[in-house]
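Here is the structure we will look at.
The values are calculated or read from the model by the stated rules, or taken from the named source; none is laboratory data. The structure presented is a predicted model; accordingly, all values stated were derived computationally and were not measured. Neighbour counts run over all protein chains shown; Cβ positions are idealised from the backbone, glycine included. When the accessible area is computed, the model is the full protein with side chains, heavy atoms only, and any ligands, DNA or RNA have been set aside. Shrake-Rupley method; radii C 1.70, N 1.55, O 1.52, S 1.80 Å.
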Amino acid sequence: MRGLWCAGLAVVYGATALGSPLEVPGTAGRIEAGGYLDGLAVAPTEGGPRERPQALLALSFAAALSDRLRGHLALQSAIGGPFEGGHPGVYDLVHAFQNRPIHLEASEAYAELRFDQADVLAGVQKVAWGKLDGIPPTDVVNPRDYHDPLVRDLEEAKIGVPMLQTTWYPPDLPRLGVSGLRATLVYLPIAVPSRLPLIEERWFPPSATPLSQVVLPRKRAERLIQEECKFAVTLPGDVVVPVSFGTLNHRPPKGFDDGGVGLRLGGSWREMDWDLYHYTGPETGPDADLLATLRLKGSCAHPQRLALRGDAVLEQAHDVVHMTGADWATTMRGAAIRAEAAVFQDHAYPGLASDLISPEAVRRLPLRQITRTLFERRRAAVPLGDLFVTLDSVEWGVGADYLVHGFIPLLQMQQTVLLDPAPRLLISDPETRFIASVRRLLFQERLELEVRGLYALERGGWFVLPRASYRLGGNLRFRLGYLALGGSRNTLVGQFGNNDEVVMQARYSF
Amino acid sequence: MRTMLAVALLVAMSAAAEGANEARDILDQRKHLEETTRRWEDLSQKMTFRIVYRAGGTREDQIEVYERRSDGERKTIAFVVAPAEVKGTGFLAFARAGRAPEQWLYLPDLKRVRQIASTMRKESFVGSDLTYRDMSLLAEMPSWSDADATASLRGEETVDGTASHLIELTPKREDIGYDRILLWLGKEDLIPRKLEFYEQQAEPRKRITQHDVRLVGAIPVAYRTDVETPQTGSHTAVEITDLKFNQGLKDDLFTQRQLERGGR
C-alpha cells in the first residue's frame with residue numbers, strides 16, 4: 001500500500017508537470033488528470049478519542065474517447081485519520097464497518113455515453129439531489145462515510161454507488177414557459193451501506209454504546225433460577241452482568257429486487273428551478289441493529305458457580321426506504337431562495353442504546369423464556385428492540401442567502417416531522433434545525449472567513465465551526481478552524497460534546 | 001444683470017444640449033457599427049486573468065467563455081480551466097436588456113447547479129478587479145440608449161497615442177450600479193480605449209484600459225485589458241486568446257446540463 005502511495009505521488013508529479021490534457025496518439029481522444037493532496041490534523045481541546053493526522057490523495061481522470069464516449073475515474077487513498085488498529089486495504093462496497101488506516105477507494109468509475117438529447121452513465125457514481133445546504137432531505141441515492149462527519153466536506157464524504165443513470169432532455173416548452181427539462185432514471189443493482197465509525201474512533205456515536213453492565217435485581221434473579229433449577233437459591237446480591245460491545249458487518253442481500261430505483265424530473269419555469277424525485281431502494285443513511293446475547297457458565301448442579309455475561313453487537317442492518325420529494329429555487333429581491341420537502345416511508349432514525357437496556361426495558365424482557373433458553377443451550381438472544389427505528393416522516397426545509405456589504409449570510413430552517421408514534425429517539429418530534437453560515441472573501445479572494453453552525457431547537461444540540469482559509473497562489477490552500485459542539489447528549493450533534501477540536505488543513509490541488 | 005444671467009444660462013444649456021446630442025450621435029454610430037459590420041452572433045474565447053495583489057504576488061486564472069446573442073437575449077457560459085483548486089467551476093447567465101439576468105453557478109465541490117441572486121453580481125469575478133456586473137456592463141454598453149444612460153461629450157483626449165472622444169454617461173437604471181461612467185472612444189474606430197466607473201467618490205471605483213486592438217474579420221477586438229481598482233491598489237490584466245466569432249454555437253451549449261459537465 002505504501003508503494004501505491006509512492007506511485008500516486010509520482011502520478012501527482014506527472015499530472016502537475018503535464019499541466020494540459022494528454023492526447024491519445026492515433027485517435028481524437030484525450031485524457032485529463034487532476035486531483036488534490038490533502039493534509040488534515042485535529043487537536044482535541046475537550047478530550048474525546050484521538051484522531052491521527054491524515055494525508056489524503058485524490059486523483060481524477062477524465063477521458064474523452066470520442067465525441068460521444070467518455071470515461072471518468074476518481075481514486076482516493078488516505079493514511080492515518082480516525083482509525084485505531086485495523087489493516088491497510090481497499091474499501092469494499094458491502095461492509096459498514098471497515099477499519100482501514102491506509103486505504104484505497106475508487107470513489108467514481110463510470111463510462112458516459114452522450115447523445116444529443118440523452119446521456120447514459122454506467123458504473124460507480126455519485127449524484128447530487130436536492131437544493132438545500134448541508135444534507136438535503138432528497139439527497140438519498142448515495143450513502144456517506146461517517147468517520148469524520150462534521151469537518152469533512154459533505155460531498156467528499158459521499159460513497160460512489162454502482163448504478164446505471166439515464167437522462168433524457170426533452171425540448172423546451174416555450175408556450176408553457178418551461179425550459180431545461182430533464183428526466184433522470186437511476187437503477188442501483190446492489191445495496192451499498194453507509195460507512196460507520198468503529199467503537200474506538202473519535203466519531204463513534206456514544207448514543208449507540210450500550211451500558212457496560214446490566215444489573216438484575218437479586219430477588220428476581222433468585223426467582224428465575226428457582227424456576228429453572230427447581231430449588232431455592234440465595235444470592236449474595238444483585239446479579240451484575242458485564243456486557244462486552246463490538247461491531248459486526250452483515251453483507252446486504254444480493255437479490256435482483258434488493259437494489260434501488262430513482263427518478264428525477266426537473267426543469268425551469270418562470271425563472272424558478274424545480275425538481276421532483278422518487279427513490280425506492282436500500283436505506284443509505286446510518287442503519288444498524290443492536291443485538292444482545294447472554295452466555296451462561298455453570299449449571300443447576302452448582303448454583304454458586306453460575307456466571308452470566310452479555311455480548312452486545314452493533315450489526316450492520318438493511319432496510320428499504322421510499323422517498324418522494326420536490327425542490328424549488330428562485331431569486332427574489334436580491335436573495336437566492338431554496339425550498340425542499342420529502343415524504344419518507346420506512347426511513348431509519350437512530351434511538352439510544354441505553355434506552356434498550358434501561359431497567360424499565362429489562363423489566364419488559366421475557367426473562368423466563370431467556371432463562372430457560374440459557375439453561376438449555378448456554379446462550380440466549382435478548383430481544384432488545386430496534387436501535388434504528390424505521391418510521392414514516394416528512395422532512396422539509398427552506399433557506400436563503402443574500403449578499404450584504406461583502407458578507408454572504410445563509411439561513412436555513414429544516415424540520416423533520418414523524419408520522420408514526422416512536423420511542424425516544426436522537427431527534428425530537430418535530431425536530432427543527434436552524435443552519436446558518438456567514439462567509440466573507442477578503443484580499444481578492446485569497447482569504448476566506450467563514451462561520452457555519454447548526455442549532456436544534458427542541459433539544460438544543462448545536463455545533464459551530466468558524467474557520468479561515470488562505471489561498472497561496474492558485475494551488476495551495478491552508479485552513480484553520482475550531483469545531484465546538486454542545487447541547488443535550490441525547491441529540492445527534494450534542495452526543496459529541498467532548499469532541500471540540502482545532503482543525504488544521506492544507507490542500508495542494510493540481 | 002438678469003438678462004445677462006438668462007443669456008449665460010441659455011448658452012450653457014444649449015452647449016450642454018449640443019454636447020449631449022454629439023455624444024449620442026457618436027454612441028449611435030458605434031451602435032450602428034455593432035449592429036452591422038461588427039455584428040456577431042456568437043463567440044468563444046479563452047481569457048487569462050492575471051491578478052496582481054496590492055501586497056505583492058500574483059495569481060493566474062484561465063477561463064473559457066462562450067457567448068451567444070439572439071432575439072435581444074445574451075447567453076453566456078464560462079468555465080474555469082485554472083487554477084486547479086477551482087477548475088470545473090461554471091457560470092451561466094441569460095441577460096436581457098432592462099431585466100435582472102438569470103444566473104447559475106456550478107461548483108464542482110457541491111456537484112450542484114445553484115441559482116444565484118442579482119446581488120451576487122457585485123461580487124468579484126474569480127477574485128479579479130472585475131465583478132460579474134462589470135463583465136455584464138462591458139458587454140451590454142454598446143447597445144445602450146438614452147433610456148439606459150444619458151450621454152454628454154466632455155471633449156477629446158489622447159489615450160495611448162489614440163485620439164479619443166471623452167464621453168460621460170450618467171446611468172438611469174439602478175441595476176447598472178454606478179453613478180457615472182467616463183468613456184474614451186477612439187475617434188477613428190470607435191473602440192473604447194479607456195473607461196472609468198464612478199460611485200459616489202471623486203476617485204473612480206474602476207479604471208479599465210484596453211490595448212492591443214486587432215481586427216478579427218471586420219470586428220476590432222482589444223486583446224488586452226487592464227483593470228485597476230485605485231482605492232485598493234489592486235490590478236488585473238485580462239488577455240484574450242483563441243477568439244472566434246460566429247461558429248454557429250448551438251443553444252444547447254447554454255444549459256445547466258453543459259454547466260454540470262464543466263465544459264468537458
Checklist entry - Hey, got the dipole for chain B? About the Cα centre, +1 on K and R Cβ, -1 on D and E Cβ, debye to the nearest 20? => result 660
Item to check | All-pairs alpha carbon distance profile, the protein assembly as shown, 20 Å steps from 0, percent | outcome: 14, 41, 28, 12, 4, 1, 0
Checklist entry - Can you list the lysines whose alpha carbon sits under 20 Å from that of B:Lys250, skipping same-chain ones fewer than 8 residues off? => result B:Lys46, B:Lys75
Checklist entry - Considering the dipole of segment A:112-251 built from charges on the beta carbon (Lys and Arg +1, Asp and Glu -1) around the Cα centre, which of A:Val192, A:Pro242, A:Asn142 is farthest to its positive end? => result A:Pro242
Checklist entry - Taking Cα pairs under 8 Å and at least six residues apart, what relative contact order does segment B:20-261 come out at, in percent? => result 21
Checklist entry - Could you give the dipole magnitude of chain A about its Cα centre, charging the beta-carbon of Lys and Arg +1 and that of Asp and Glu -1, in debye to the nearest 20? => result 1400
Item to check | Förster-model FRET efficiency, 41 Å R0, B:Ala97 and A:Ala506, C-beta, rounded to 0.05 | outcome: 0.30
Item to check | Long-range lysine pairs (8 or more apart or interchain), segment A:7-509, Cα under 28 Å | outcome: 7
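Using a 1.4 angstrom probe with every protein chain in place, what is the largest-first accessible-area order of B:Asp242, A:Asp116, B:Asp129, A:Asp319?
Numbers: B:Asp242 90, A:Asp116 110, B:Asp129 10, A:Asp319 55 Å².
Result of the area sort, largest leading: A:Asp116, B:Asp242, A:Asp319, B:Asp129.
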Checklist entry - Lys/Arg Cβ at +1, Asp/Glu Cβ at -1, dipole of the protein assembly as shown taken about the Cα centre: which of A:Ala122, B:Leu190, A:Ala400 is farthest positive-ward? => result A:Ala122
Next on the checklist: Can you return the lysines within cross-link range of B:Lys31? Criterion is Cα-Cα under 16 Å, with same-chain partners fewer than 8 residues away left out.
Outcome noted: B:Lys187
Item to check | Simple spin-label estimate for B:Gln200 and A:Leu449 in nanometres, 7 Å along Cα-Cβ | outcome: 2.3
Item to check | Cβ charges +1 (Lys, Arg) and -1 (Asp, Glu), total dipole of segment B:104-241, debye | outcome: 480
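Could you report the protein assembly as shown's accessible area per residue, 1.4 Å probe, as an integer in Å²?
Values: 35560 Å² over 774 residues.
Counting only protein heavy atoms, the per-residue value for the protein assembly as shown is 46 Å².
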Next on the checklist: Tell me which chymotrypsin sites (Phe, Trp or Tyr not before Pro) from segment A:132-234 have a DSSP coil assignment and no more than 14 other beta carbons within 10 Å of their own.
Outcome noted: A:Phe231
Checklist entry - Which far-off residues, 5 or more places away or on another chain, put their amide H under 5 Å from the one on A:Met332, with H placed in the peptide plane? => result A:Ile337
Item to check | List of segment A:163-181 residues, accessible area with partners at least 20 Å² below that of the chain alone (1.4 Å probe) | outcome: A:Tyr169
Item to check | Dipole of segment A:7-509, positive end: most advanced residue of A:Leu465, A:Ala292, A:Thr330 [Cβ charges, Cα centre] | outcome: A:Ala292
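Once fully extended, how much extra length lies between B:Lys244 and B:Lys187, figured as 0.36 nm per residue of separation less the alpha-carbon to alpha-carbon distance?
On the way: separation 57, 0.36 × 57 = 20.52 nm, distance 2.58 nm.
Difference between extended and current length: 17.9 nm.
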Checklist entry - Spin-label point model (7 Å from Cα, Cβ direction): what's the A:His302 to A:Arg218 distance in nm? => result 2.4
Next on the checklist: Just to confirm my numbers, what's the Cα centroid distance between segment A:381-454 and segment B:192-264 in Å?
Outcome noted: 40
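Taking a probe of 1.4 Å and counting only protein heavy atoms, give the total accessible area buried between chains B and A in Å², rounded to the nearest 100.
Working: alone 14340 and 24800 Å², together 35560 Å².
Buried surface at the B/A interface: approximately 3600 Å².
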Checklist entry - How many percent of DSSP beta bridges within chain A run antiparallel, rounded to 5? => result 95
Checklist entry - A:Val240 to A:Glu315: FRET efficiency via 1/(1 + (r/R0)^6), r the Cβ-Cβ distance, R0 35 Å, to the nearest 0.05? => result 0.90
Next on the checklist: For segment A:210-287 and segment B:113-177, what is the centre-to-centre distance using only Cα atoms, to the nearest Å?
Outcome noted: 63
